Amino acid sequence: MTAPKERILDVRGDLCPGPALRVEEFLEQNRERAPFTVLGDHRPTLESLELLAARHGWSVEFEEEGGDWKVRFRPIG
Amino acid sequence: MVPPRRWIRWAAAALVAAGLLASGLILHDAPGRGRSASFSLLCGAAFGIVLQRSRFCFASAFRDLFLLSDRRAALGVLVALAVGSVGYQVVFGAWVPDPSAGHMPPTAHIAPASWHLLLGGAAFGLGMVLSGGCISGNLYRLGEGSLTAPAALAGTVAGFWAGTLVWNPLYVRVVSTAPVVWLPSHLGYAGSLAAQLALLALLGALLLRYMPGLSPRPARPVTLDVACRKVFVDGWPAWAGGIAIGVLGTFAFLRTRPLGVTSEIGRASRALGSAMGFLPERLEGLDLMAGCRPLDTEHLLSENGIFVLGLVLGSALAALAAGEFRLRLGRPRGHVLSLAGGVLLGFGAMISLGCTVGTMLSGIMAFSLSGWVFLAGLLSGAWGGAGLLRRLS
Amino acid sequence: MSAPGSVLGTAILLLAALPAAAQEVLVTTEWVSNNLNNPKVRVLEVSVDPGVYEKGHVEGAVGVKWHSELADPVSRDIVSAASFEKLLSRAGISGDTTVVLYGDNNNWFAAWGYWIFEIYGHKAVRIMDGGRKKWEIEKRPWDTTVPSHPATTYRAAPPNLALRARLPDVLSVVEKRSPGALVDVRSPDEFAGKVFAPPGIQELAIRAGHVPGARSVPWSKTVNEDGTFKSREDLRKLYAEVGVDGKTPVITYCRIGERSSHSWFVLKELLGYDVRNYDGSWTEYGNAVGVPIENPAGTVWTGK
């Protein structure tokens, strides 16, 4: 059985606080706490997601990919 | 658009840096310019670098308090104010030995304080939240390659026109009779420094107490590679940016003028509007008597213009080095919000004779009550803006 | 030594001393630099650009605010004797102190200061040749501390108003009731009446042009690139070209009266002519009712 494909939240082109608001909304709806990835193009905007993640019990990992940034959200506990 | 490969980025960054240094040298010896212009360029570049590296965004400092309960940027602003306050006092002591004798330190942004600053601050605060950045924020974003920043700056010009149209009656009714309150003249240097630092500490304590922070990441052993990443690639912590800005603010005050980014934009807006014929010819209280002293009409860019140019280039330099430079088209909704927010920014900056940098930062660092009143306006405007953004998303 | 010989010898000595005495109104930056700690010398900076003095001045120089300390801030007039005495007492100046003035903007305001000091009869006043510009060109150091000198009690002499021309004096010359040569130190465009004032300037007059019979000698022709005054010979020739040779009394004017003190200094102190400064200048004359005006360009006030 293959693992379900990880959801990708594409916030490229969004100005802050757009991405933060979208991610917050997604976190509140994501009851199963399945890991997901946020795809953005402006690292400073993405850095503000760290606090949001911590508050909702998630950890984040940044990875650069071809000029874009992937922020992997993993639930803590 | 995918950002160019690492070596192209670094070459471009080096080119920008070399260009800045060369321009600084040229300005230094250019007739009619000199040390002051050269310093303005380099100080502007340093400011742009610090803003970009530490993501020092006044807009997020206020907005994220309300929207995300994120206090980091706000703490950075408080640190900048505290460091700058100390620096300014050191300069005051050299220039104005007796603060109660009735003389103010020259060029410091000490302005009349009244409700026009609340109105201007509220407009500016709302505008900066809508457009995703205050004027300095949009300028450094421009350096990062943002294509929504020009929309905000265009809106700012229109906002300046709107502010100019209401300026004369506002000046006559409100500004001309508003008191100029310079704290050291009432409390002395020691007293005003203690009082202001205590207030800043109190605000910081409130933020630390009531807004949760991040737990620190496990420290990595600091090798040369890690150190280079921390300086050139990773974002700097907001408090580090705050210290740097406090120091830059002091240097700028000592050598040229207090930090500010609206003087040239305002001047250019006025020139454009006057050429188009719809602005009043004289602005009360602003067009002061010059005596026989010649006005600087020969240069295309004033020193503030040189500073702003340095800011954009410094930000570009930092962004290129960190791999954060990219032409970002943005969404149509972003452009509309930027434009609308920009108009509010320009209006607020015109009637307050400055922005988050010129009126709030430089005003508070100079111990002027006007800076605090404008700050109160900013808070209310940003609070309203945060609520509006929530409803729009 | 025979009597005629000693008379001749004394005459020669006196003649030799005269140019030296005339030289003394100017001091070089070198001299100022060497006399910073001389208790008999006091340096005053008269600059108007904001912050210029504070950001860097000659060590030990006291900053003088032209607008409030050398001019009356309420009524259009020179500083009162009482305020002048307060200023000098605060700066620690006594009757026998040698005062050296310098400033920004080509020493214009320092020259005004010199004129005021002469009006109130201070014995030893000098101008630092080249002002801030020369000091900067020579890369001499600036200081940022505001000095404090022990206060004195200065007494000014009754004002010598023979150095000052008023509107009736100017009209008297225009109407040929008294002899005189008028020197206009403004730009050629202002002199010709093409413009009322340089662009952006707020202090305008209702009429353009110049006082009838005035000669145009813009102040900039009297200084070198580095801000120092040209040689006496060159200055003599410059003014002789427009017919000002010292045989008739001179009156200098500009738009407000500060630049004209610069040329007043040149004509009176460097060339030794009989000169008065008309500090009302064009802002008074060009706004006065019923006075004759020469307006070659024919610019008319359109009363917008």
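Considering only C:S178, C:I251, C:I206, whose Cα is most displaced toward the positive end of the charge dipole of the stretch C:164-285, charges sitting on Cβ of Lys, Arg (+1) and Asp, Glu (-1)?
C:S178
Mind putting a number on the dipole of chain A about its Cα centre? Charges go on the C-beta only, +1 for Lys and Arg and -1 for Asp and Glu, and I need it in Debye to the nearest 20.
My answer is approximately 300 debye.
Give me, ordered by chain and number, the residues 5 or more places off A:D10 or on other chains with an amide H under 5 Å from its own placed amide H.
Result for A:D10 returns A:L39.
With springs only between Cα atoms under 10 Å apart, run a GNM on chain B and tell me which of B:I243, B:I110, B:I26 wobbles the most.
Of the options given, B:I26 has the highest mean-square fluctuation.
Note down the magnitude of the dipole of chain B about its Cα centre, charges +1 on Lys and Arg C-beta and -1 on Asp and Glu C-beta and zero elsewhere, to the nearest 20 debye.
Its charge dipole is roughly 1300 debye.
Check cross-link reach from B:K230 to the aspartates and glutamates: straight Cα distance under 15 Å, and skip same-chain residues fewer than eight apart.
Those aspartates and glutamates meeting the cut-off are A:E47, B:E324.
Can you compute the equivalent ellipsoid semi-axes for the stretch C:164-285, i.e. the square root of 5 times each eigenvalue of the Cα gyration tensor, sorted largest first and rounded to whole Å?
In descending order, the three semi-axes are 21, 18, 12 Å.
Per residue of B:100-112, what is the mean number of Cβ atoms on other protein chains within 10 angstrom of that residue's Cβ?
Mean number of neighbouring Cβ atoms from other chains: 2.
Report, by chain and number, residues whose modeled amide H sits under 5 Å from the one on B:S146, excluding near sequence neighbours (fewer than 5 apart, same chain).
B:R328
Can you give the convex hull volume per residue for the Cα atoms of the stretch C:89-202, as a whole number of Å³?
188
Need one number: % antiparallel among DSSP beta bridges in the protein assembly as shown, to the nearest 5.
Antiparallel bridges make up about 40 percent of those DSSP assigns within the protein assembly as shown.
As an exercise, find the ratio Rg/Rh for the stretch C:4-160 from alpha-carbon atoms, using the Kirkwood inverse-distance average for Rh.
1.03
Would you calculate the separation in nanometres between label points at B:L207 and C:E24, each defined as 7 Å from the Cα along the Cα-to-beta-carbon direction?
Distance between label points: 6.5 nm.
Please report, for the Cα atoms of chain B, the Rg to one decimal and the Dmax as a whole number; what are they, in angstrom?
20.6, 64
Under 24 Å between alpha carbons, and skipping anything fewer than 8 positions from C:K55 in its own chain: which lysines qualify?
Partners found: C:K65, C:K133, C:K134, C:K139.
Over chain C, what relative contact order in percent results from Cα pairs under 8 Å that are six or more residues apart?
18 percent.
Please list, by residue number, every one of the trypsin sites (Lys or Arg not before Pro) in the stretch B:197-291 that is coil in DSSP and has at most 10 other beta-carbon atoms within 10 Å.
For trypsin sites (Lys or Arg not before Pro) across the stretch B:197-291 that sit outside H, G, I, E and B with at most 10 neighbouring Cβ atoms in 10 Å, the list reads B:R282.
Rounded to a whole number of µm²/s, how large is the Stokes-Einstein D of the protein assembly as shown at 10 °C and 1.306 mPa s, given Rh as the Kirkwood radius over C-alpha pairs?
Rounded, D is 54 µm²/s.
Quick check on the protein assembly as shown: helices-only [θ] at 222 nm, where DSSP H runs of length 4 and up contribute -39,500 (n - 2.57) each and the sum goes over total residues. Nearest 500, please.
It lands at -15500 deg cm²/dmol.
With the Cα gyration tensor of the stretch B:89-183 in hand, give its eigenvalues times 5 under a square root as the equivalent ellipsoid semi-axes, listed largest first in whole angstrom.
With the √(5λ) rule applied to the stretch B:89-183, the semi-axes are 32, 21, 10 Å.
Step through the residues of the stretch C:205-210 one at a time and calculate ³J(HN,Hα) from phi using the Karplus curve (6.51 cos²θ - 1.76 cosθ + 1.60, θ = phi - 60°), rounding each to whole Hz and writing x for Gly and Pro.
Once θ is set to phi - 60°, the couplings for the stretch C:205-210 become 10, 6, 10, 10, x, 9 Hz.
For the stretch B:138-293, what is the per residue volume of the convex hull drawn over the alpha-carbon atoms, in cubic angstrom?
Enclosed volume per residue, from the Cα hull, is 242 Å³.
Number of Lys-Lys pairs in the stretch C:164-285 under 25 Å by Cα, sequence gap 8 or more or different chains?
12
If you roll a 1.4 Å probe over the stretch C:4-160 with all protein chains in place, what percent of the accessible area is carbon or sulfur?
59
Semi-axes, largest first, in whole Å: what does sqrt of 5 times each Cα gyration tensor eigenvalue give for chain C?
32, 26, 19
How much of A:E25 can a 1.4 Å solvent probe reach, expressed as accessible area in Å² and rounded to 10?
100
Rounded to the nearest whole Å², what accessible area per residue is found for the protein assembly as shown with the 1.4 Å probe?
44
Quick one: ranking C:W282, B:W239, C:W301 by accessible area, 1.4 Å probe, largest first, what do you get?
The most accessible residue leads, giving B:W239, C:W301, C:W282.
Which value, in debye to the nearest 20, describes the size of the charge dipole of the protein assembly as shown about its Cα centre when Lys and Arg Cβ atoms bear +1, Asp and Glu Cβ atoms bear -1, and nothing else is charged?
That gives a dipole near 1440 debye.
Any idea of the total accessible area buried by the B-A contact, 1.4 Å probe, rounded to 100 Å²?
2400
Relative contact order for chain B using alpha-carbon pairs under 8 Å, separation at least 6, rounded to a whole percent?
The normalised contact order for chain B reaches 42 percent.
Name the residues of the stretch B:325-343 whose accessible area, probed at 1.4 Å, falls by at least 30 Å² once all protein chains are in place instead of their chain on its own?
B:R326, B:R328, B:R331
How big a patch of accessible area, both sides summed and in Å² to the nearest 100, lies buried between C and B at a 1.4 Å probe?
Protein heavy atoms only, the C-B interface buries about 1900 Å².
The values are calculated or read from the model by the stated rules, or taken from the named source; none is laboratory data. A quick note: this is a predicted structure, and the numbers were derived from the prediction, not measured. Neighbour counts run over all protein chains shown; Cβ positions are idealised from the backbone, glycine included. We work out accessible area using only protein heavy atoms, side chains counted, and drop any ligands, DNA or RNA first. Shrake-Rupley method; radii C 1.70, N 1.55, O 1.52, S 1.80 Å.
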